[in-house]
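Just so it is clear, none of the values below were taken in a lab; they were calculated from the coordinates. If you're wondering where the values come from, they're calculated on a predicted model, not measured in any experiment. Every residue, glycine as well, gets a Cβ built from its backbone with ideal geometry; the counts of neighbours run over all protein chains shown.
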Amino acid sequence: MGPYVSSSPRAAYVNYRDLDLGMNKKNHTSINQAQIWGAKYFKDNFNRMVNVTKVDPSNFFRHEQSIPPL
């Protein structure tokens, strides 16, 4: 598959955790830190997705590339 993979990816597929784009720290990641990889993953929807985290203030659904709560 090597010849078919981009050497400089700019986006990711939804529901695929591409940890090469970036990931959250174990204990705490700020919105600004997550925006670095989140803009590549969610594109223009990242800021809207940040508002959705208000329904999960304890970050129960946390994973390597989830959006941190406000």
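Here are the numbers for the structure shown:
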item: The chain, helix-only ellipticity at 222 nm - DSSP H runs n ≥ 4, -39,500 (n - 2.57), divided by all residues, nearest 500; result: -8000 deg cm²/dmol
item: Set of aspartates and glutamates near Lys40 by C-alpha distance (under 17 Å), chain-local residues within fewer than 8 positions excluded; result: Asp18, Asp20, Glu64
item: Angle in degrees between helix 31-42 and the longest Cα principal axis of the chain, rounded to the nearest 10; result: 50
item: Label assignment, Rg and Dmax of the Cα atoms in Å derived from the structure, set [x] 12.9, 43; [y] 13.9, 41; [z] 12.5, 36; result: [x]
item: Proxy reagent accessibility, fewest Cβ within 10 Å first, across Ile67, Ile31; result: Ile31, Ile67
